[in-house]
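The values are calculated or read from the model by the stated rules, or taken from the named source; none is laboratory data. This is a predicted model, so every value here is computed, not measured. As a convention, Cβ positions derive from the backbone with ideal geometry for all residues, glycine included, and neighbour counts pool all protein chains shown.
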Amino acid sequence: MKLLFLHGSPAVGKLTVAKTLLRIVPGRLMDNHAAIDLALTVFEFGAPGFWELVHEVRYSALDAAAAHGVPLLVTTFCYA
């Protein structure tokens, strides 16, 4: 599996770039927002346990993609 991280500040267009790239080359998108949105169904943003769940979701998704032969996984990542 190839993994492409698009890293940058908030709201600079990482997701737009990822979607545009995946129109050109075959692959899957693991949007950073998806893990955060899932954690928000369980915890308030930043509450104890919130970031731990976000990280576990990301790790599980990466493990599953690798185990099942996803050829390219593009993901966005941001430090604010």
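Considering the range 20-29 alone, what residues qualify as being under 20 Å from residue 10 (Cβ atoms) and either loosely packed, with under 11 Cβ neighbours inside 10 Å or more than 16 Å from the chain's Cα centre (by Cα) (or both)? The answer is 20, and nothing else.
Could you look through the range 30-80, keep only residues that are among the small types (Gly, Ala, Ser) and in contact (Cβ under 8 Å) with a residue 24 or more places away in the chain, and pick out the one that is surrounded by the fewest Cβ atoms within 10 Å (Cβ to Cβ)? Before the answer, list the steps.
Keep residues of the range 30-80 that are among the small types (Gly, Ala, Ser), which gives 34-35, 39, 46-47, 49, 60-61, 64-67, 69, 80.
Checking which are in contact (Cβ under 8 Å) with a residue 24 or more places away in the chain leaves us with 35, 61, 65-66, 69, 80.
Values: 35: 20, 61: 17, 65: 19, 66: 12, 69: 7, 80: 5.
Across the range 30-80, the extreme among qualifying residues is 80.
Applying the condition of being of a type in the set (Ser, Thr, Tyr) and not in a loop (DSSP other than H, G, I, E, B) to the range 69-80 and asking which residue is modelled with the lowest pLDDT yields 76.
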